[in-house]
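The block underneath contains the structure these notes are about, expressed in structure tokens.
Quick note: the coordinates plus some simple rules give every number you see, no bench work behind them. What you see is a predicted model; the values in this text were computed from it and never measured. Cβ placement follows ideal geometry from the backbone for every residue including glycine, while neighbour counts extend to all protein chains displayed.
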Amino acid sequence: MLFAGIAEDESFRWISSEIIENATIGEFLQTLTLNEGDSGATEDWQLQVWGTPWTPDEFVDRAVVAGHPAKLHSFLPPLLRDCIEKSLTKSCSQRMAHRAQALKHWLRRSIQLKHQEEELMRTLEPGVAEVLQGKRILVWKEMLQSINYSDMGVVDEFCAGSRLTGQTDLTNLWPSKVTPATMTEGELHAQARLQRDGISFVQVVFFDSEIAHSVWDQTLQEVIRGEAEGPFDLSEVPSDFPLSRRFGVKQNGKIRCVDDFSWSGINAASQPRESPKPHTLDVVAAMISTVMGYAEGDHAWVSRSFDLRSAYRQCAVHPDSRQFSYIVVGDPHTSSLKAFRLKALPFGSVKSVHSFLRIARSLWAILTSVFWVITTNYFDDFVSVADLREAASVDFTVKAVFRLLGWRFAEDGPKAPPFSSSLVALGVQFDVSKLHQGSVSVSNTANRRDELAQALDQAVTSRSLAKLEALRLRGRMQFASGQFYGRLARRCLAVVTQHAYGSESSTLAEAAIHALSRFRDMLVNGVPRMISSKATTTWFIFTDASHEPHEAEPFSGVGGVLVDQFGCRRRFFSEQLSPDLLREINVSQRKTIIYECEFFSVLCAMIVWKDFIHQCNVVIHTDNDAVRDAFIACHTSSANSLPILDAILEAENDAECNSWITRVPTESNIADDPSRLQVDLLMNCGCLRDRIGCSDIWSNIVCKPGNVAKGGGDGPALHTPLEKRRSHCKRGSSQQNLSKQDNGKRTKF
């Protein structure tokens, strides 16, 4: 029965149970308000609303409805989903005809709007007009209006120029997230006056001569193109105008200029109100996975990326913000400092990022919605896929749209690859040669793999790694691990992090050397990640264990149930753990080992059902919070459980699955009965039983040579907040507790 009550003086007294005694199980219960004097309540009272957990069958049904929280299709933007559904339900010839007709219409419209475009350009502030020269703004605006684009304010900002301080516009394109400014413009001017005399050549030019000459030459080229003004002596710049230093970074054999607007404090005077979400690898993978559902099996697909050239330099700074657009550059010929005023967006300003991503998103929306180009957008990169038969049509269309709107893009060289079965983009390599057969591989590029393997070899050979080197190596390892299956690599990352933050010596411990060697093996010999048509399949695993050593008849057992994405109970196991096995598990001779038994039940499920879950989504349900937390963190402080965890992560890696672990209340756990050898209900519903050898799993999997505890080191790893946020397996609000709810909030039982 449902009831309400109050607590007084640490005793509990039931009251007003009749108020809600007729509530239906599963309803949200409204909060009850008791005033002083009602039902004997005093000033010190506590209102409690109680419910009951779902039954095991109810919980399974609701878990299936919730699905996998991180399935690939969930990353697909609605506009791109609409583009795929709309275009791929048409024939290839119809798609090509649509693009040709759309291009014909907008080319004609651009001619009709020619004089209005010229008049609009004359009304713009001269410095802004110089940067935006060649852009067909009215055509762009009409294209956006034709698809009822939600953020038409992007056109106004583009025409006026982007401000470098203050709040960003609210576009409603991205999640709301306010990052408060820590300085006002007045404080920024005051700080600039104080800092001006302290700026030295060594502070600005802290890199080698090759980079210094390249940065200087590139800056002069920007002046020639009308994107900047200068050079000026520093004395010619008002003393209260902040100066941001420009430096160079080598990337893939090229030197890229970066404007440090944090050094000058300008970024501190910016207040973003949204968190932009460019299309990362997850979105590309979701796009490919969705396309697989429509691709015709007889026709191959190809891919390529399109790159806007000097993209930020094609957008203007607002005239009022030019007081904040000064940069200081070292002249390597005279070893003196010169100032330049940027008229185009700087690369290194917080507001520049928001403004450019807003503009790039509008271009992406046009490509997908107007021209049916299946593409993503990550900053200035547009990663596209196309049926081989229409690759020429897509290639011509994207280039024609960029030219029509006046955007400069890479037309040759490594940034302009042709459509092919292999694509290098966003730091990884895609092989789409078998997309039409339901399989695409994603791997680290050969250069990234070889360079990282060499760095790992060097660290292992020298047996030494300074803190800064460790953190730099860890960052490279973290990106590369994104192309590994499972989360086994996180064990290695944790050890490197522990060495960087927890060791006063640069000498590597044996655990760290083993972790680096293990990571190198995964890097060099591991299989590529696969985007598979099977990735749309989700399996639900429920596990439990019982351990009652003090009963008249001591008993320990493990149970598991495998449920498919339609809610059908497909397989189960139910086994008793022998006393000999329990002694082997309990190497540290703890009083109770229910935690270890619960952990072992998860391992048994991963092993016995590995063929079912291979390359699929998997949601694992356990009623033991400690097991769930250890699985998420990839670490446990229990000496008994560390080898079990290591074996689970190995099994997850071998299964090449996308796993998620979450909690099921004990009362709702369908695996509770089989963990006690109670199998009648499962047998009666047609669920098939798998007989497993628990002792064999222990001896052959957990205790195999090289497995026990080596992967994670001897103590708990130290995690930075960034790594905690980016963990591959997190608690999902949609999955964590599917128990009865009160007032819309998840309730743990």
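What is the angle, in °, between the Cα long axis of helix 488-502 and the longest principal axis of the Cα atoms in the chain? Nearest 10 is fine, range 0 to 90. Result, in degrees: 70.
Computed from Cα positions, the angle between helix 446-462 and the longest principal axis of the chain comes to roughly 70 degrees.
When +1 charges are put on Lys and Arg Cβ atoms and -1 charges on Asp and Glu Cβ atoms, the dipole computed for the chain relative to its Cα centre reaches about 2980 debye.
Packing order of peptides 359-368, 568-577, highest average first: 359-368, 568-577 (average count of other Cβ atoms within 10 Å over each peptide's residues). Here the simple spin-label model places points 7 Å from the Cα toward Cβ, and for Q251 and V223 these points are separated by 2.5 nm. Note: relative contact order over the chain, using C-alpha pairs below 8 Å and six or more positions apart, is 15 percent. Taken about its Cα centre, the stretch 494-608 carries a charge dipole of roughly 600 debye when the Cβ of each Lys and Arg holds +1 and the Cβ of each Asp and Glu holds -1.
Counted by Cβ distance under 13 Å from A268, the other residues give a net charge of -2, where Lys and Arg count +1 and Asp and Glu count -1. Summing Lys and Arg as +1 and Asp and Glu as -1 over all other residues whose Cβ lies under 13 Å from the Cβ of N684 gives a net charge of -1. From its DSSP helices (H runs of at least four residues, each -39,500 (n - 2.57)), the chain gives a residue-normalised ellipticity at 222 nm of -11500 deg cm²/dmol. For the stretch 651-704, the dipole from Cβ point charges (+1 on Lys and Arg, -1 on Asp and Glu) about the Cα centre works out to 120 debye, to the nearest 20. Of the residues L72, H213, Y595, the one whose Cα sits farthest towards the positive end of the charge dipole of the chain is H213 (charges of +1 on Lys and Arg Cβ, -1 on Asp and Glu Cβ, taken about the Cα centre). The angle between the Cα long axis of helix 281-292 and the longest principal axis of the Cα atoms of the chain comes to about 80 degrees, rounded to the nearest 10. Loop-located GluC sites (Glu not before Pro) in the stretch 433-529 (DSSP state not H, G, I, E or B) with no more than 16 neighbouring Cβ atoms inside 10 Å: E504.
Legend: residue pairs K141/K399; K254/K399; K90/K135; K104/K141; K114/K351; K141/K277, Cα-Cα distance threshold 21 Å; pairs beyond threshold, K254/K399; K90/K135; K114/K351; K141/K277.
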